[in-house]
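Accompanying notes for the structure given below.
The values are calculated or read from the model by the stated rules, or taken from the named source; none is laboratory data. Note that the coordinates shown come from a computational prediction; the quantities given were computed from them, not determined experimentally. Here the Cβ positions follow ideal geometry from the backbone for every residue, glycine too, while neighbour counts run over all protein chains shown. Protein only, heavy atoms only, side chains kept; ligands, DNA and RNA dropped before computing areas. Shrake-Rupley method; radii C 1.70, N 1.55, O 1.52, S 1.80 Å.
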Amino acid sequence: DESVDAAVCALALVHVPDLGVAIGELARVVRPGGRVVISDVHPFLVALGWQAQFPTDQGRAFMRLHAHLPSDYVTAARDAGLAVLSCEEPRLTAEAAATPTATLVPDANRAAYVGLPGVLVWEFER
């Protein structure tokens, strides 16, 4: 408890159904005045069917993503005693719009994804 000045969680909370428990644990270990920084897949992409895909010996596989709304992060953070300092929403670039169709139909892939919000980046204070 209260043992670190900062905690970082990168592109992981989108894989858990309940943000409250995970954000509560991040808040628990941070000292008062410390920071919690979270990045996650933007819920807009998840709603469009974006998936965390990876190759396996049996073909392509994916991990389930949960579309947590920005208000879900704010609620979980406030419940854990955190204050919102900032929220950024960087947009996808052509290089970051890596989908299964990116090499098959690159022009269509760019037209569909480039410019959409790709991630949420939160900074909270305890």
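What the table shows:
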item	result
Of residues in the stretch 45-99 being among the polar types (S, T, N, Q) and in a loop (DSSP other than H, G, I, E, B), the one most open to solvent (accessible area, probe 1.4 Å)	58
Top-ranked residue in the stretch 100-124 [being among the aliphatic types (A, V, I, L, M), in contact with a Leu (Cβ under 8 Å, 6 or more places away or on another chain) and part of a loop (DSSP other than H, G, I, E, B); ranked as most open to solvent (accessible area, probe 1.4 Å)]	114
Long-range neighbours under 7 Å by Cβ, at least six apart or interchain, first residue at negative phi and modelled with pLDDT of 95 or more within the stretch 9-20, second of a type in the set (Gly, Ala, Ser) and in a strand (DSSP E or B)	10/39
